[in-house]
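Working notes, structure below.
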Amino acid sequence: MVLDELSFGKRPEFELYKISKDPNQQRNVAANPEYKAVFKKLSKQLTDDLRATEDLRVIGGGEKFDTYKYIGGAPRK
């Protein structure tokens, strides 16, 4: 069922939505050639911001996130 896939399917690597035309974010336009320039601009902005804040996933060392002790209530898989 399509709704099951939308709810429980794996998310794509990249997502971009035209909120003014798709407020419920149902149509991912990230791969649409019409939005290539917007996607490129936003990708660069995100990467620049992550570098500026020294995000470990960008500058290196992101594997550290896998070593933090799990303190949640559900069993860890």
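Of the residues making up segment 33-64, just one is modelled with pLDDT under 95, in a helix (DSSP H, G or I) and among the acidic types (Asp, Glu), namely Glu63. Within segment 19-32, the residues that satisfy the criterion of being without any contact (Cβ under 8 Å) to a residue 12 or more places away in the chain, surrounded by fewer than 10 Cβ atoms within 10 Å (Cβ to Cβ) and either within 17 Å of the chain's Cα centre (by Cα) or in a helix (DSSP H, G or I) (or both) are Ile19, Asn24.
The values are calculated or read from the model by the stated rules, or taken from the named source; none is laboratory data. Owing to the predicted nature of the structure, the values given are computational and were not obtained by experimental measurement. Cβ coordinates were reconstructed from backbone atoms using ideal geometry, including for glycine residues, and neighbour counts include every protein chain displayed.
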